[in-house]
1. Spin-label point model (7 Å from Cα, Cβ direction): what's the T54 to I114 distance in nm?
2. Below 12 angstrom from the Cβ of L265, what's the summed charge of the other residues (Lys, Arg +1; Asp, Glu -1)?
3. In square angstrom, rounded to the nearest 10, how much accessible surface does V94 have for a 1.4 Å probe?
4. Could you sort 239-247, 490-498 so that the peptide with the highest average Cβ count within 10 Å comes first and the rest follow in order?
5. How would C452, C238, C395 rank on accessible area, largest to smallest, probe 1.4 Å?
6. Which net charge results when you count Lys and Arg as +1 and Asp and Glu as -1 among the other residues whose beta-carbon is under 14 Å from that of G367?
7. Work out Dmax and Rg for the stretch 104-147 from the C-alpha atoms and quote the Rg first, both in angstrom.
8. Distances longer than 17 Å among the Cα atoms of the stretch 233-286: what percent of all pairs is that?
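The values are calculated or read from the model by the stated rules, or taken from the named source; none is laboratory data. Only a predicted model underlies this, so the values are computations on that prediction, with no experimental measurement involved. All Cβ positions, even for glycine, are placed from backbone atoms using ideal geometry, and neighbour counts span all protein chains on display. The area values use the complete protein model at the heavy-atom level, side chains included, leaving out ligands, DNA and RNA. Shrake-Rupley method; radii C 1.70, N 1.55, O 1.52, S 1.80 Å.
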Amino acid sequence: MTEKNWETMDEREFERRLAADLPELPPDDIAREVTPWRKAVNRILVGIGLNVITLNFLGLNDFLPAIGMILCLLGFRALRRESGWFRAGLVITVAKTVFCLSALVINMTVYREILEDEELLYDLGLLQAALLFALLICLWGGFQRIQQRARTDSGHAVGVLCLWYAGLWLLAVWEAESLWIGIAMIALFLLIIHSLSRTSHEMEKAGYVVEPAPVRVADRTLAGTLTMIVILGMVIACLFFSRYPMEWTLAEENTAQTEEIREELAVLGFPEAVLNDLTEEDLLACQGATQVVIGEESYRYFSGEDDETEEEQGMEDSVEDALTDGEADEAGYNMTLTAVSVQLADETDSWKIFLHFAWEENPGFIGTESLQVYGSWNNRYFWGWNEEFTGQVLCEREGETYRSAYHDLGLKTAAESAWGIWLGAAFSFPQDCEQARGYVSYTTYSYEEETCWDSWFYYTHQESRLQYPALTAMERHYAGAESGWGDAFETLYTQFYFETE
């Protein structure tokens with residue numbers, strides 16, 4: 001522009017030309033959508049929505065609240081200078097975000113069983129509810145403060161949201177189960193959110209402007225960093241914390257006393273492969289045994305062939321052994337299941353039962369394993385038992401035999417799809433082990449001279465890590481539940497029984 005033009009141009013002409021050179025402003029509705037206030041409030045409302053209305057499948061009941069808390073974190077972070085209420089909300093949001101993201105990682109480990117404890121689960125549920133309710137209170141107080149500054153009176157939608165959430169928890173405590181109540185609560189929630197959105201819009205129309213608090217880390221960078229930390233944590237948890245901690249020790253040599261008992265049992269027909277795996281405690285319990293009844297069955301999965309063998313022996317007192325063929329899903333492994341019943345030398349008709357399994361090859365031990373036994377002890381009119389359980393797992397590593405107690409061995413309550421009391425054993429094998437095997441044992445006695453002992457033997461093997469939450473083999477069997485990312489387990493079962501006369 002020449003000096004002459006500057007001298008002849010008046011102030012209005014200068015403003016006109018300057019305005020002509022500037023880009024056009026966006027429409028008012030678009031401008032309002034991208035204002036700091038609207039963006040922050042929308043993030044908070046969506047985040048709260050993802051926490052109060054969840055979907056209980058595919059792990060969404062954990063992932064959606066975590067995403068919602070990240071959105072709330074970004075929203076309260078932008079508003080923290082506007083009110084002390086928003087600063088308090090930011091503190092609560094940080095605490096709840098850490099909780100939600102940590103839960104995602106813990107759920108990929110075997111330690112998630114700790115979170116399944118009923119008392120702890122109840123306490124954590126109360127804590128989660130209290131934190132979210134406190135967050136709503138902070139949002140309510142922040143809205144009230146902003147309304148005072150904007151000099152608007154647009155209602156108390158956040159307060160209604162607090163009452164709605166309190167009512168939701170009362171319905172949960174009363175265990176109200178009604179489709180219409182659920183639909184009504186969802187509809188009411190959507191109306192409250194719509195009212196909050198209108199309240200935010202009226203504040204903007206009144207001229208209230210928010211200046212975002214300065215941050216060192218951009219929103220996108222913060223959200224991406226938190227996401228990567230969680231993904232990395234889940235991968236590490238899956239690879240290194242998805243197995244039970246087992247106490248493996250070198251197997252000890254037999255004592256002279258147990259060696260003598262071992263020879264007596266071998267004469268009665270006790271299978272050598274099972275006999276060699278018994279603990280000294282179990283061998284001593286069988287001292288003076290009068291007879292042994294055995295049954296054996298081998299499985300080959302995924303091969304298209306079931307290689308079955310059955311060994312029957314005629315015993316004194318017309319004790320018969322019968323092995324009923326079980327059903328096994330097709331899989332790619334070899335396993336031998338053996339049942340041994342030892343009649344003890346006492347005045348009662350007592351039997352010590354051994355249920356033994358042996359892998360003929362390493363199927364890939366990547367997680368947890370479990371045994372589940374259902375026996376005639378559930379028929380209390382004919383059989384009793386002492387509820388004392390023994391057993392161990394063994395394997396070979398670098399030419400040495402190692403043994404360990406079970407991670408968990410005891411009585412379990414069946415799922416709703418079954419009934420009765422089960423004996424359960426949970427454990428993990430080293431990934432590089434060979435000849436993995438183990439057994440469980442218990443003592444039972446008959447109330448009748450002629451009766452039948454019936455025992456169902458289940459083995460659950462984990463064959464995939466791709467599951468969320470990371471169920472254990474024990475949980476998979478007793479809960480009858482499948483993980484959100486598909487079933488990562490294979491289960492085989494068979495039946496052993498014998499009759500006494």
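1. 1.9
2. So the environment of L265 carries a net charge of -4.
3. The accessible area of V94 comes to roughly 70 Å².
4. Put in order of decreasing packing, that is 490-498, 239-247.
5. C452, C238, C395
6. -2
7. When restricted to the Cα atoms of the stretch 104-147, Rg and Dmax are 15.8, 49 Å.
8. So the portion of pairs separated by more than 17 Å is 52 percent.
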